[in-house]
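What follows is a single structure, written as structure tokens, with notes after it.
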Amino acid sequence: MIYLFDVNALIAFGFRHHAFHTRVSQWIRAERSVEIATCSITELGFVRVLAQAHTYGQTAKQARLLLEEVKRGTKPPFVHISDDHGAAQLPEWVNSPKHITDGHLLQLAAARGFALATLDQRIPGAFVIPG
């Protein structure tokens, strides 16, 4: 199964000091044939959040290098998908600005036959990484 990580899941997996790193890592180890997908939004979000939040202590360059290191790892395999969806594909439940990215990523994953993997229980139809 291929899972498109949302930004928070990607950060939790890629940044070892994240509060949910163990949760995401254990789930990945327990899965037999999991693959992780990223897209421009999730990768740019990873870099932005790690560089912007002082608690992570990363520069934009360090965050980019960390992302590349995570993606080069042998387990699980990472794939990058192109994003050809616009606002017209947003699901009907998206009714506030804070739901736009979640709805977009959910539709992008579904269009590829993937699941959106997240730590957020409020995204209808997304796979919540078990804890």
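Read-outs throughout are calculated quantities, based only on the coordinates presented, and are distinct from any laboratory measurement. Model, not experiment: these values are computed from the prediction. Note that we place each Cβ from the backbone using ideal geometry, even for glycine, and neighbour counts take in every protein chain shown.
With respect to residue 47, is the statement that it is under 16 Å from residue 119 (Cβ atoms) and not in a loop (DSSP other than H, G, I, E, B) true?
Spelling it out, it is not the case that residue 47 is under 16 Å from residue 119 (Cβ atoms) and not in a loop (DSSP other than H, G, I, E, B).
Looking at the range 67-111, which of the residues that are among the small types (Gly, Ala, Ser) and under 17 Å from the mean Cα position of the chain (by Cα) is surrounded by the most Cβ atoms within 10 Å (Cβ to Cβ)?
Per the stated criteria, the residue is 109.
Here are 105, 116: which of them is part of a strand (DSSP E or B) and either more than 15 Å from residue 45 (Cβ to Cβ) or touching a helix residue (DSSP H, G or I) at 6+ places or on another chain (Cβ under 8 Å) (or both)?
On the way: 105 fails: part of a strand (DSSP E or B).
Just a single option satisfies the conditions, and that option is 116.
So that you can scan it fast, the table gives a plain yes or no per residue for (1) among the aromatic types (Phe, Trp, Tyr); (2) crowded, with 22+ Cβ neighbours inside 10 Å; (3) under 17 Å from residue 68 (Cβ atoms):
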| site | (1), (2), (3) |
| --- | --- |
| 2 | no, no, no |
| 13 | yes, yes, yes |
| 16 | no, no, yes |
| 19 | no, no, no |
| 27 | yes, no, no |
| 30 | no, no, no |
| 35 | no, no, no |
| 42 | no, yes, yes |
| 48 | no, no, yes |
